[in-house]
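Asks: My questions all concern the structure below.
The values are calculated or read from the model by the stated rules, or taken from the named source; none is laboratory data. A quick note: this is a predicted structure, and the numbers were derived from the prediction, not measured. Virtual Cβ from ideal backbone geometry, glycine too; neighbours counted across all protein chains shown.
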Amino acid sequence: MPIVIAAALALLTAALVSLTPAGAWTVPGLAGVDVQRWVQVSWLVGAAALVALLRGRRRRGDLAVLMVGAVLIGAAAMTGPPRFSDDSARYAWDGIVSTSGISPYAHPPVAAELAGLRPQWLFPAPVVDAAGAASCVDSRLTHEVPSGAVLCTVINRPEVPTIYPPVAQGWFAAVRAVVPHEAQWWPMQAAGLLASLAVTVALIVGLRRRGLDERWAAVWAWSPFVAIEAVGNAHIDTLGVLFALAATFALAPGAGRQVRPWLGGVLLGLAAATKLVPLMAAPPLLRRSPLRVVVGAVATVAAVYVPFVVLGGSDVLGYLPGYLAEERYDDGSRFALIAALVQGAGATWVALAVLLVAAGLAWWRADPDRPWHAQTMLVGVVLLVVNPLYAWYALTLVPFVALSRRWEWLVVPFALSLNEGVAPRPVVLGAAVALVAIGSLVRWLRSRRGPIEGVA
């Protein structure tokens, strides 16, 4: 019976995910209904599905139900354009540029050199009024090319070159190489679904090899948060998470299996060269053969950057320096919890100190055979301190929650995904800290009474 309930709730989760179209903040046909509320309801239903799955006895068909649910929930996120994010437009554009034989770091999208590559779905034609003035249908799409003409584009920050590292660029190019330029959002979403399912399979295999309950992979596989961000929004973070998870398994392979530090280092390097965010999970992995892991990672990053350095020199950094300033990490205002207590640049120094202490403790206290406990804590703390504006950074946290079964840390991605209008952000984050602390305390108190099946 629990598996039937779990399957039914997974189907309902998929239905709710399909009701969150992009760009519109209301569900079609349901005027005035905030999409964020539907997203939050999907979280609750998805959590109920997970609980129902884990509460039942393990049966032979559980993994089949889990995988079918993962496919359906992920596919539901492909029923419309991206939700709440336009990053995949840049992904598609970078892939189009790369497959045309041009470095994506060489020119911004508005550059005249790239004018011949612009598909209409990324660069809709401007509307010309009776007076001959050109404008875009949506003012948010309006930009100027160097000549002063109006350019309409759905790509964010079209005046600057790309920010994404070489492995990400390889992914974008591979996806766009097999579809025409006119193919819109679905190729990146399909690639995101494949990457997400790969994480699910990796979790199932990793849990099984360590004698853990494979059903905990549903923490990732059945998450509406993962479906929306990894598939619907096609965020490249998913590929970085896959590499970071593979690195974890290479360095903590389980009983009777050989530790592979060089492979772990290479995989961490690939994660860093996909996106820097998954490196949050790296410090606990350095308890074993740290020199070989670090050398392998650095060598890998250097190797994948070489072709772009040869072509464009320092241009390979793209917009990264400007991005950090734009997101206000330099003046301390991004660190919402700390900035509520410490003003100005002092918040940056306090945040840095907290992060260094957390990383040091995570490394020192990490169990080399089970680093995911420390990884969960460290990634969660980093997300709470740094307070990224973009919820999908929390994708890195979810697989390590599945491995560690520290379910209380799931409040972090939930808090980050809340609409900013729900409550002042420091309040939301403070509530998340309180819930994590309460959950951890309850876990500790119950553990003193003995192990907790399926929870501890």
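Asks: Could you say which residue among Val160, Val175, Val201 is closer than 18 Å to Phe123 by Cα, of a type in the set (A, V, I, L, M) and more than 17 Å from the chain's Cα centre (by Cα)?
Replies: Sole residue among the options that is closer than 18 Å to Phe123 by Cα, of a type in the set (A, V, I, L, M) and more than 17 Å from the chain's Cα centre (by Cα): Val160.
Asks: Can you work out which of the residues in the stretch 125-142 that are surrounded by 15 or more Cβ atoms within 10 Å (Cβ to Cβ) and part of a loop (DSSP other than H, G, I, E, B) is nearest to the chain's Cα centre (by Cα)? Talk me through it step by step, then tell me what you get.
Replies: As a first pass, look at the stretch 125-142 and keep what is surrounded by 15 or more Cβ atoms within 10 Å (Cβ to Cβ): 126, 136, 141-142.
Going one step further and asking which of them are part of a loop (DSSP other than H, G, I, E, B), we end up with 126, 136.
Details: Pro126: 33, Cys136: 31 Å.
Residue satisfying both the conditions and the ranking: Cys136.
Asks: When you scan the stretch 250-279, how many residues do you find that are crowded, with 24+ Cβ neighbours inside 10 Å and more than 19 Å from Leu194 (Cβ to Cβ)?
Replies: Qualifying residue count for the region: 8.
Asks: Hey, can you tell me all the residues within the stretch 360-391 that are at pLDDT 95 or above and polar (S, T, N, Q)?
Replies: If the condition is that a residue be at pLDDT 95 or above and polar (S, T, N, Q), then Gln375, Thr376 are the ones that fit.
Asks: Select from the stretch 75-118 the residues that are under 18 Å from Gly232 (Cα atoms) and at pLDDT below 90 and list them in ascending order.
Replies: Matches in the stretch 75-118: Thr79, Gly80, Pro81, Pro82, Arg83, Phe84, Ser85, Asp86.
Asks: Let me ask another. Are there any pairs, at least 6 apart or on different chains, whose C-beta atoms fall under 7 Å, with the first in the stretch 248-272 and touching a residue at least 60 places away in the same chain (Cβ under 8 Å) and the second crowded, with 19+ Cβ neighbours inside 10 Å and in a loop (DSSP other than H, G, I, E, B), and if so, which?
Replies: Note: pairs meeting the criteria are Thr248/Pro371; Ala252/Pro371.
Asks: Against the definition (more than 22 Å from Arg443 (Cα to Cα), of a type in the set (Lys, Arg) and buried (at least 20 other Cβ atoms within 10 Å of the Cβ)), how does Arg334 come out, yes or no?
Replies: Working: more than 22 Å from Arg443 (Cα to Cα): yes; of a type in the set (Lys, Arg): yes; buried (at least 20 other Cβ atoms within 10 Å of the Cβ): yes.
Taking the combined requirement at face value, the residue satisfies it.
Asks: Specify which of the listed residues (Ala217, Ala250, Ala195, Ala230) is small (Gly, Ala, Ser) and out of contact with any Ser or Thr (no Cβ under 6 Å at 6 or more places or on another chain).
Replies: After applying the criteria, what remains is Ala250.
Asks: Any chance the stretch 422-431 includes a residue that's small (Gly, Ala, Ser) and not in a helix (DSSP H, G or I)?
Replies: yes
Asks: What are the residues in the stretch 283-297 that are part of a helix (DSSP H, G or I) and either in contact with a helix residue (DSSP H, G or I) (Cβ under 7 Å, 6 or more places away or on another chain) or surrounded by 15 or more Cβ atoms within 10 Å (Cβ to Cβ) (or both), if any?
Replies: Matches in the stretch 283-297: Pro283, Pro284, Leu285, Leu286, Arg287, Arg292, Val293, Val294, Val295, Gly296, Ala297.
Asks: Looking at the stretch 369-388, is at least one residue surrounded by fewer than 20 Cβ atoms within 10 Å (Cβ to Cβ) and aromatic (Phe, Trp, Tyr)?
Replies: No; the residues of the stretch 369-388 include none that is surrounded by fewer than 20 Cβ atoms within 10 Å (Cβ to Cβ) and aromatic (Phe, Trp, Tyr).
Asks: Looking at (1) within 18 Å of Pro81 (Cβ to Cβ); (2) in contact with a helix residue (DSSP H, G or I) (Cβ under 7 Å, 6 or more places away or on another chain); (3) in a loop (DSSP other than H, G, I, E, B); (4) of a type outside the set (Val, Ile, Thr), find the lone condition where Gln120 falls short.
Replies: (2)
Asks: Taking the options Leu389, Leu395, name whichever one is outside any helix (DSSP H, G or I), in contact (Cβ under 8 Å) with a residue 40 or more places away in the chain and of a type in the set (A, V, I, L, M).
Replies: Selected residue: Leu389, the only one of Leu389, Leu395 that is outside any helix (DSSP H, G or I), in contact (Cβ under 8 Å) with a residue 40 or more places away in the chain and of a type in the set (A, V, I, L, M).
Asks: With respect to Ala202, determine if the residue is outside any loop (DSSP other than H, G, I, E, B), under 30 Å from Ala255 (Cα atoms), touching a residue at least 40 places away in the same chain (Cβ under 8 Å) and not aromatic (Phe, Trp, Tyr).
Replies: So Ala202 fits the description; yes.
Asks: So which residues in the stretch 88-106 are touching a residue at least 60 places away in the same chain (Cβ under 8 Å) and either surrounded by fewer than 19 Cβ atoms within 10 Å (Cβ to Cβ) or among the small types (Gly, Ala, Ser) (or both), if there are any at all? Let's see the steps before the verdict.
Replies: Here is the first cut: in the stretch 88-106, the ones touching a residue at least 60 places away in the same chain (Cβ under 8 Å) are 88-96, 98-99, 103-106.
Once the filter is applied, which keeps residues that are touching a residue at least 60 places away in the same chain (Cβ under 8 Å) and either surrounded by fewer than 19 Cβ atoms within 10 Å (Cβ to Cβ) or among the small types (Gly, Ala, Ser) (or both), the stretch 88-106 yields Ser88, Ala89, Ala92, Gly95, Ser98, Thr99, Ser103, Ala106.
Asks: Give the residue that is modelled with the lowest pLDDT, with candidates limited to residues of the stretch 144-174 that are surrounded by fewer than 19 Cβ atoms within 10 Å (Cβ to Cβ) and touching a strand residue (DSSP E or B) at 6+ places or on another chain (Cβ under 7 Å).
Replies: That would be Glu144.
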